[in-house]
Structure formats: structure tokens, C-alpha cells
1. With +1 on the Cβ of every Lys and Arg and -1 on the Cβ of every Asp and Glu, and nothing else charged, how large is the dipole of the chain about its Cα centre, in debye rounded to the nearest 20?
2. Cross-link candidates for LYS191: which lysines have Cα within less than 18 Å, leaving aside residues fewer than 8 places away along the same chain?
3. Of ALA225, LEU184, SER205, whose Cα points farthest to the positive end of the dipole of region 172-238 (charges on the beta-carbon: +1 Lys, Arg; -1 Asp, Glu; origin at the Cα centre)?
4. I'd like the carbon and sulfur percentage of the solvent accessible area for region 1-159, probe radius 1.4 Å, heavy atoms only, ligands and nucleic acids excluded.
5. Whose amide H sits under 5 Å from the amide H of ILE220, counting only residues 5 or more places off or on another chain, with H placed in the peptide plane?
6. Taking Rg and Dmax of the Cα atoms in Å straight from the coordinates, which label in [x] 17.3, 57; [y] 26.6, 92; [z] 23.5, 76 is the correct one?
7. For VAL46 and GLN133, compute 0.36 nm times the residue count separating them, minus their Cα-Cα distance, and round to one decimal in nm.
8. Tabulate in residue order the Karplus-calculated ³J(HN,Hα) for region 95-106, using 6.51 cos²θ - 1.76 cosθ + 1.60 with θ = phi - 60°, rounded to whole Hz; enter x for Gly and Pro.
Amino acid sequence: MKLQQLRYIWEVAHHDLNVSATAQSLYTSQPGISKQIRLLEDELGVEIFSRSGKHLTRITPAGEAILQTTGEILRKVESIKQVAQEFSNDKKGSLSLATTHTQARYMLPKIIKGFIEQYPDVSLHMNQGTPMQISEMAAGGSVDFAIATEAMELFSDLVMMPCYQWNRSIVVPKNHPLCQVSELTLEEIAKHPIVTYVFGFTGRSKLDEAFMERGLAPKIVFTAADADVIKTYVRLGLGVGIIASMAHDEELDSDLVCLDAGHLFRPSITKIGFRRGTFIRGFMYEFMENFAPHLTRTMVDEAYSCSSRLELDELFQHVRLPVY
């Protein structure tokens with residue numbers, strides 16, 4: 001059994017069983033990959049992939065179990081490389097993030113700019129997706145950090161640490177009726193069509209909970225994953241926008257009126273998470289502390305050593321999070 005063979009089956013499984021696409025991504029030949037997979041299957045005495053002619057059709061039950069262990073092995077190999085690089089050159093390497101549009105657009109630019117200035121030889125890679133996709137990428141080891149508000153609690157193999165809390169604002173065109181109300185309430189908001197985030201994005205669950213608790217059924221006419229898209233449709237008169245307060249830019253959004261709605265919704269908490277077993281390099285500690293100053297190396301190490309989510313929550317229960 002060779003490490004290269006394990007890498008081949010892993011990559012084939014993550015290229016939708018397309019051996020040709022896998023070969024292109026690895027800069028090798030399709031026949032070479034197919035041959036090595038066959039040799040590995042012969043050695044193990046089981047089929048990892050089912051076939052129809054020359055085409056792979058599905059992963060077998062044995063293959064699923066083998067691939068799970070293969071992923072762990074490949075992540076350990078990567079950790080060994082990270083350890084070696086930390087000792088050979090602690091300011092050179094790569095850092096990959098997975099996050100949502102809101103974080104990438106409004107919270108991370110200043111952090112990333114400062115990080116690149118501090119570590120010019122660290123290549124930074126950002127992936128955007130749904131909170132579920134983001135968490136899966138981190139849990140699967142394809143990115144170092146996941147930064148999101150929703151879905152991360154579903155993955156028990158992620159060490160999740162709170163970064164900051166935030167709430168929502170209402171954005172409307174100037175002279176909108178909501179600008180005239182003496183007290184902004186959920187009842188007043190529910191009288192109008194609403195434009196907001198897709199379910200599962202950017203704290204949407206807290207928004208739905210607030211309306212449900214008051215027995216209200218708001219008319220949500222349009223949803224998007226991107227706050228800038230939401231504001232575009234508010235400008236078109238499609239409805240009242242409900243966005244993360246951080247997503248309102250006083251200069252760029254000067255044509256809109258921003259109404260604070262923090263008193264109407266429970267605050268949401270954005271977290272950063274990494275997979276258990278990840279080797280945390282020096283510049284990775286630095287990135288986390290730049291993003292959330294309370295996440296010092298000591299605090300991160302303590303979080304890493306927590307054996308349960310309850311223990312992790314207790315560690316941070318007295319930490320005062322920044323509010324945005």
C-alpha cells in the first residue's frame with residue numbers, strides 16, 4: 001500500500017468519481033490512476049469503487065470505510081508537513097479559510113490586509129459558501145478555518161470559538177413609512193414585504209424565531225445570501241430589508257435609511273472553527289487573535305483541550321465578546 005494510492009482514491013472520490021478530471025488536477029495520466037487504484041483493490045481484496053465498464057459508478061460500503069481512514073491519514077501527513085515547515089520557516093506557508101459573503105465582504109478585509117502585510121510569504125486562500133458547506137470543508141480538512149454564524153454546531157469534530165456578537169438593522173428607501181413610526185416593532189415590520197437572507201445564512205434562524213414568538217407570519221418576498229443583493233432589491237422597492245448591521249455602509253448606502261433593530265432580535269454570534277487534530281502554526285494563532293482579540297494562544301490551546309462542547313461553552317461564558 002502506497003501513500004500515492006491513497007491520495008488517488010481520495011481525489012477520485014472528491015472529483016465525483018471522474019478519473020479524467022482527477023488526473024488533470026494531479027497533473028498525471030488517467031491510465032496511471034486507474035492502474036494504481038486496481039493494484040490497491042487487489043492488495044486489499046475488496047473493491048473501493050463499483051464499475052460499469054470502464055466508468056466508476058459509486059463508492060462501495062468497503063470503500064466508504066477505507067476513504068474515511070484515508071482522509072485521516074492524509075490529514076496526518078499534511079500535519080507532519082506543517083510541523084516541519086513551522087520549524088524550518090515559521091513565516092512561510094499557506095492558510096485557507098471558508099466563510100460567508102457577509103464575513104468576507106464586511107469583517108475580514110481589514111484583518112486580511114494586516115495579516116498579509118505581517119506575513120507576506122503566507123499564501124491566503126478564501127472559499128465562500130453556505131454555512132453548512134463551510135463547516136463541511138473545515139470538518140473534512142480541506143480548509144484550516146471556518147468562519148460562520150450558522151450550522152457549525154452540527155459538527156462535533158470542530159473546535160468552535162466565539163468571535164463577536166452582532167445584530168440586525170432594517171434598511172428602507174428614504175420617506176418609507178417605517179421611517180415615521182415612533183417605535184420600531186416586529187408588528188410594524190410585518191406589515192410590509194420583507195427582503196432578507198436565505199434560510200441558514202447569517203443568523204436567519206434568530207430572525208425567524210423572533211417573528212414566530214410574537215405569532216407573526218412575515219411576508220418574505222425575496223431572499224439572498226448576499227447583503228449587497230438584498231440592498232439592491234430594497235432600492236427597487238421590492239420590500240423592507242433586514243440585514244446584519246455590519247453590512248450597512250454609511251457612504252455607499254447613503255440613499256437608504258438604516259433603522260436599528262437590535263432590540264427586536266436576539267444577537268447572533270459568529271464563530272471560528274477548526275478540525276480537531278489540526279496542527280496550529282504560529283501565524284494561524286496570530287490570525288485568530290487579530291480577528292478576535294480574546295482568542296490568544298493560551299485561550300485557543302485551552303479550547304482545543306476541552307473534551308466536550310459543554311466544557312468549551314463554560315470556558316467562554318465569562319468572555320465579553322465585541323459587539324458589531
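The values are calculated or read from the model by the stated rules, or taken from the named source; none is laboratory data. In this text, all values refer to a predicted model and were calculated from it rather than measured experimentally. Ideal geometry is used to build each Cβ from the backbone, glycine not excepted, and the neighbour counts take in all protein chains shown. When the accessible area is computed, the model is the full protein with side chains, heavy atoms only, and any ligands, DNA or RNA have been set aside. Shrake-Rupley method; radii C 1.70, N 1.55, O 1.52, S 1.80 Å.
1. Numbers: 32 positive and 39 negative charges, 136 e Å.
It works out to roughly 660 debye.
2. LYS174, LYS219
3. ALA225
4. Numbers: 4490 of 8590 Å².
Whole-percent figure for carbon plus sulfur exposure: 52.
5. Residues meeting the amide H criterion: ILE194.
6. Here Rg and Dmax of the Cα atoms in Å agrees with entry [z].
7. 28.2 nm
8. 9, 10, 10, 10, 7, 8, 4, 4, 5, 5, 7, 10
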